[in-house]
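Heads up: the structure comes next, in structure tokens.
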Amino acid sequence: MANVDLDKIISLCKRRGFLFQGSEQYGGLQGTWDYGPMGVELKNNVKRAWWRRMVYERDDMEGLDCAIMMNRLVLKYSGHEDTFSDPLVDCRKCKKRFRADHVDPNEKCQEGGVHDFTEPRPFNLMFKTTVGPIADDNNIAYLRPETAQGIFINFKNVLDSTNRKLPFGIAQIGKAYRNEITPKNFIFRVREFEQMEIEYFVKPGADDQAHEKWVSDRFNWYTSLGIKPANLKLYPQKKEELAHYAKATTDILYRFFPDREDETRQFDEVEGVANRTDFDLTCHSKGGKLVLKGGVEIPNEHAINKLNYFDHIDNKHIVPYVIEPSAGVDRTTLAFLMDSYFEEQVKDETRVVLRLHPELSPIKVAVLPLKKNHDGIVNIAKEIKGTLQKSCGWRSVYDDTAGIGKLYRRQDEIGTPFCITVDFTTLEDKTVTVRDRDTMTQERVAIADLPTYLSKRLGNC
Ligand code: ATP
């Protein structure tokens, strides 16, 4: 089947409890989404799969979880206060506002003809708030627009408390906030989202190779969890597109918009992997400075520590370079949903199935009684569910709210890899049917063998 478009995913997400519009009960709040019972499991599994591969399965990583509210100075010296903006234009006719670099100049204005835009001006994307009971300029704080800055300002804390040697990285998953001018495309562009970010510190000189390696490691992470390589693209930014501090950036793009005619426009960023050199550690360092685009320098007059590293081999202090793989949790979750969505004809019906990697599936096993009014069958089914959940740790559910055919379809739609059915034969020989989501084949398995049978197929769940 061709790639699925966003509308089908949005409809499935609402129907099956993956995502609801934020504040829906009161008409919504633009740019926010609430993850429902299936969505929270999927999103948690995405984050867990990232943390597992990026932190636990490597020997050169530490984790971190920083506060979302940040001292204004963090975002002053990072450059966000001055430059974290998108170009905004107003239409003089309909009074609506648009992001200048995203707007189609031929778009129709509701007041007739095309829009009549003002000159673009910068609009800062950070959410401002005040901390404490006095709301004046001295108490301004920002909700972080990315998780990265928390990692940079904790570089020394992590280094001193772990005795790490270069190269090593710090990983963080958490919420970020951007007052996007035009949030759109479901959870692709929102105002509250989550990021999974790594800052990987290396000796200057080792940065190019580390950057290349991270690009391929991150690309492989997506494919190892089932994304089709044909739906991913690497886009090395051209020199003129790079942020002024970046030596190189490669974006990892996913085919979020398969219905667009022009193939290159079908792809958009799910993650960026940047070589940021020593820019961030220098701007947050005591005695360091922020260098803005165009060369203006702002000396750091507030930082307490020097953010450097003593290199025992060369016997001197150095400022490490940093490689930053920065992924959005929500965009990644959307990519996994889109890539796993299939519609197929089964007899006269259309079967919708999410062929999610089992590690990502919200539910690993559904236990279904063939007859819901039969105590013997129901008790065994509930017992199996309990054992698989408690002893094996797989997210399992018991469901008897419909006929077996309907229950299978429901589990297919949320991507449950296995359904176990307890029937009359179970009462005689203590076996059950195990149905495979992808092939729909059924196998008779002894209840006692279920943990071994399933663990072979579920793997690292
Ligand atoms: P874009 O160009 O699409 O606005 P960006 O280049 O500003 O994205 P980064 O600052 O590199 O994004 O952030 C890293 C990642 O965080 C992105 O690749 C994306 O997955 C995610 N992200 C950024 N902004 C948003 C948003 N408004 N909604 C959802 N995810 C986002």
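Read-outs: derived from the displayed coordinates by stated rules, not from any lab. Remember, it's a predicted structure, so these values are computed and weren't measured experimentally. Cβ sites come from the backbone with ideal geometry, for glycine too, and all protein chains shown count toward neighbours.
So what is the calculated 222 nm ellipticity per residue for the chain, using -39500 (n - 2.57) for each DSSP H run with n of 4 or more, over all residues, to the nearest 500 deg cm²/dmol?
Numbers: 13 runs with 126 residues, N = 461.
About -8000 deg cm²/dmol.
Per q in 0.11, 0.22 Å⁻¹, report the Debye log10 I(q)/I(0) for the stretch 289-423, using one uniform scatterer on each alpha carbon and no solvent. Ignoring solvent entirely, the Cα scatterers give -0.61, -1.28. Peptide packing for 445-451, 139-145 was compared via the average number of neighbouring C-beta atoms within 10 Å per residue; ordered from the highest value, the list is 139-145, 445-451.
For the stretch 76-165, which trypsin sites (Lys or Arg not before Pro) pass both filters: DSSP loop (anything but H, G, I, E, B) and at most 16 other C-beta atoms within 10 Å? Intermediate values should be presented prior to the final figure.
Numbers: sites: Lys76, Arg92, Lys93, Lys95, Lys96, Arg97, Arg99, Lys108, Lys128, Lys156, Arg164, Lys165; in loops: Arg92, Lys93, Lys95, Lys96, Arg164, Lys165.
Listed in order of number, the matching sites are Arg92, Lys93, Lys95, Lys96, Lys165.
Rounded to the nearest 0.05, what FRET efficiency do Thr32 and Asn315 give with R0 = 41 Å and r taken as the Cβ-Cβ distance? Could you check? The pair Thr32/Asn315 has a calculated efficiency of 0.20. The GluC sites (Glu not before Pro) found in the stretch 84-152 that occupy coil by DSSP, while having at most 13 further C-beta atoms within 10 Å, are Glu107, Glu111. Restricting attention to the stretch 363-458, lysine pairs at least eight places apart or on different chains and with alpha-carbon atoms under 21 angstrom apart total 22.
Multiplying the residue separation of Ala446 and Ile298 by 0.36 nm and subtracting their alpha-carbon distance yields 46.3 nm. Placing a label point 7 Å from the Cα of Ala230 along the Cα-to-Cβ direction, the residues of the stretch 249-284 whose backbone N falls under 14 Å from that point are 255, 258. Karplus-based coupling profile of the stretch 132-138, in residue order and whole Hz: x, x, 10, 9, 10, 4, 6, with θ = phi - 60° in 6.51 cos²θ - 1.76 cosθ + 1.60 and x standing for Gly or Pro. Between His374 and His244, full extension at 0.36 nm per residue minus the direct alpha carbon distance yields a gain of 39.9 nm. Each Cα pair under 8 Å and six or more residues apart adds its separation to the average, and for the chain the resulting relative contact order is 13 percent.
Indicate the gyration tensor shape class of the stretch 365-461 (rounded, prolate or oblate), computed on the Cα atoms with a ≥ b ≥ c the square roots of the eigenvalues: a/c under 1.5 is rounded; otherwise a/b larger than b/c is prolate and the rest oblate. Rounded is the answer for the stretch 365-461, as its axis ratio a/c remains below 1.5. Using a/c under 1.5 as the rounded threshold, could you call the stretch 1-73 rounded, prolate or oblate? The axes a ≥ b ≥ c are square roots of the C-alpha gyration tensor eigenvalues, and prolate needs a/b larger than b/c, oblate otherwise. Oblate, since a/c reaches 1.5 and b/c is not below a/b. Here the alpha carbons of the chain define both size measures, Rg and Dmax, at 25.5, 81 Å. Computing FRET efficiency as 1/(1 + (r/R0)^6) for Lys96 and Lys286, where r is the C-beta to C-beta distance and R0 is 56 Å, gives about 0.75. In this simple spin-label model, placing a label point 7 Å from the Cα along the Cα-to-Cβ direction at both Phe342 and Gln25 gives a separation of 3.9 nm. Label point of Asp7 set 7 angstrom out along Cα-Cβ; within the stretch 233-277, amide nitrogens under 15 Å from it belong to 257-261. Place a point 7 Å from the Cα of Arg355 along the Cα-to-Cβ direction; which residues of the stretch 393-415 have their backbone N under 19 Å from it? Taking a point 7 Å out along Cα→Cβ of Arg355, the residues of the stretch 393-415 whose backbone N falls under 19 Å are 409-415. Taking only C-alpha pairs under 8 Å that are 6+ residues apart, what is the relative contact order of the stretch 246-379 in percent? About 17 percent, as a whole number. Dividing the mean sequence gap of close Cα pairs (under 8 Å, 6+ apart) by how many residues the stretch 16-144 holds gives a relative contact order of 19 percent. For the stretch 1-106, GluC sites (Glu not before Pro) meeting the loop criterion (DSSP other than H, G, I, E, B) and having at most 15 other Cβ atoms within 10 Å: Glu57.
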